[in-house]
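Let me begin by presenting the structure, written as structure tokens, before commenting on it.
No lab work stands behind these numbers, since they all come straight from the coordinates. Note that the structure is predicted; figures quoted are calculated from it, not measured. Note that each Cβ is placed from the backbone with ideal geometry, even for glycine, and that neighbours are counted across all protein chains shown.
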Amino acid sequence: MNQKISFEILEELAVLSENTKGWSKELNLVRWNENPPKFDIREWSPDHEKMGKGITFTNEEMDVLKQFLNT
């Protein structure tokens, strides 16, 4: 079963790094499959058509992460 994943990058927040092939690790606000937007960290191709594996955070999870990083 090959299910198509839809996404929309609502806001590009930060480019964390870029590799020699032009892909960049980014923090973005992304809507996945028409669900509420989440903060998302993953590698993207230069045209944002292809992506690597990543991790998403709800607003609440991002608040906890931010608090931890600030300590």
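Ordered by the number of other Cβ atoms lying within 10 Å of each residue's own Cβ, fewest first, ASP47, ASP40, ASP63 fall into the sequence ASP47, ASP63, ASP40. With the contact rule set at Cα under 8 Å and sequence spacing of 6 or more, what percent relative contact order holds for the chain? Worked out over the chain, it gives 22 percent. Distance from the Cα centre of segment 33-71 to that of segment 12-29, in angstrom? A separation of 12 Å, based on Cα centres. Each residue of segment 57-65 was assigned a 3J(HN,Hα) from its phi angle through the Karplus curve 6.51 cos²θ - 1.76 cosθ + 1.60 (θ = phi - 60°); the sequence is 9, 6, 4, 5, 5, 5, 4, 5, 4 Hz, with glycine and proline shown as x. Only lysines eight or more places from LYS21 in sequence, or on another chain, were considered; those with a Cα closer than 27 Å are LYS4, LYS38, LYS50, LYS53.
State the label only: which of (i) 13.1; (ii) 12.8; (iii) 13.5 corresponds to Kirkwood radius over Cα pairs in Å computed from the shown model? Only one listed value fits the structure, namely (i).
At 222 nm, what value in deg cm²/dmol follows for the chain if DSSP H runs of at least 4 each add -39500 (n - 2.57) and the sum is divided by all its residues, to the nearest 500? Let's see the in-between values first.
Working: 1 runs with 11 residues, N = 71.
That calculation yields -4500 deg cm²/dmol at 222 nm.
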